[in-house]
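To start, the structure under review is shown below, and the notes come after it.
FYI, it's all coordinate maths here, none of it is from the lab. Owing to the predicted nature of the structure, the values given are computational and were not obtained by experimental measurement. Don't worry about glycine lacking a Cβ; one is built from the backbone with ideal geometry, like all the others, and counts go over all protein chains shown.
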Amino acid sequence: MSIADDVLGDLKARIDKTIGDLQRDLAKIRTGRANLAVLDGIKVDYYGTPTPLHGVATLHVADARLITIKPWDKSMISHVEKAIMTSDVGLTPNNDGEIIRLPIPPLTTERRKEYVKAVKHRGEEHRVAVRNERRDAREMIAEYQKDGELSEDDAEKTNEKIQQVVDGAITRIDEIAAKKEKELMEV
């Protein structure tokens, strides 16, 4: 493999990581439908240790507007309920002594617009991250060219390939953000 291939491979790996991060970020933004990703960041106080919610309970999407949480240890129900209440997911748990039900209320138009703004903001942050990765890759190519390890023609061809990879990544980011916006605006 050539130096140019190494730089391109590294760039693609970093861009894939950035896009994966965007997808995880957007999965946490709740739509009008039940989605377990909304609960990903919640930590429960499990005998003094902050533990992810899925580590102390079984999570299940019962239907389009309801998530059920069944703690493995019934004594943890109050801790799970407290963790959900103190989180920023905006859901109110209902507890029947064995199972916690999280009804997903429909989003108001105002709330939908707030979430769309958040999606656009996160999309822009990730586009900027991809552009920064492009800059880093171009700097590496320039360094190799300066050191004489890469010819001027090869450097130019590699920079064109870098731009193609970045354009593709930005298109993917825009598509992911647009899909999430469409999901949010569905009533």
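Brief remarks follow.
- Cα Rg over Rh - region 50-156, Kirkwood: 1.33
- Dipole moment magnitude, nearest 20 debye, the chain about Cα centre, only Lys, Arg, Asp, Glu C-beta charged: 1160 debye
- Along the chain, longest interval not containing exposed chymotrypsin sites (Phe, Trp or Tyr not before Pro), exposed being DSSP loop plus at most 11 other Cβ atoms within 10 Å: 73-187
- For region 1-56, projected area of the alpha-carbon convex hull averaged over all directions, nm²: 6.2 nm²
- Compactness check for the chain: Cα Rg over 2.2 N^0.38 Å is 1.39.
- Positive-end extreme of charge dipole, the chain - chosen from 22, 86, 53 (charges on Cβ): 86
- Helix content alone sets the calculated 222 nm mean residue ellipticity of the chain: runs of n ≥ 4 DSSP H residues at -39500 (n - 2.57) each, divided across all residues, give -20500 deg cm²/dmol.
- Every pair of different Cα atoms in region 36-103 enters the Kirkwood calculation, which places the hydrodynamic radius at 11.7 Å.
- Gap separating the Cα centres of region 95-143 and region 45-90, nearest whole Å: 23 Å
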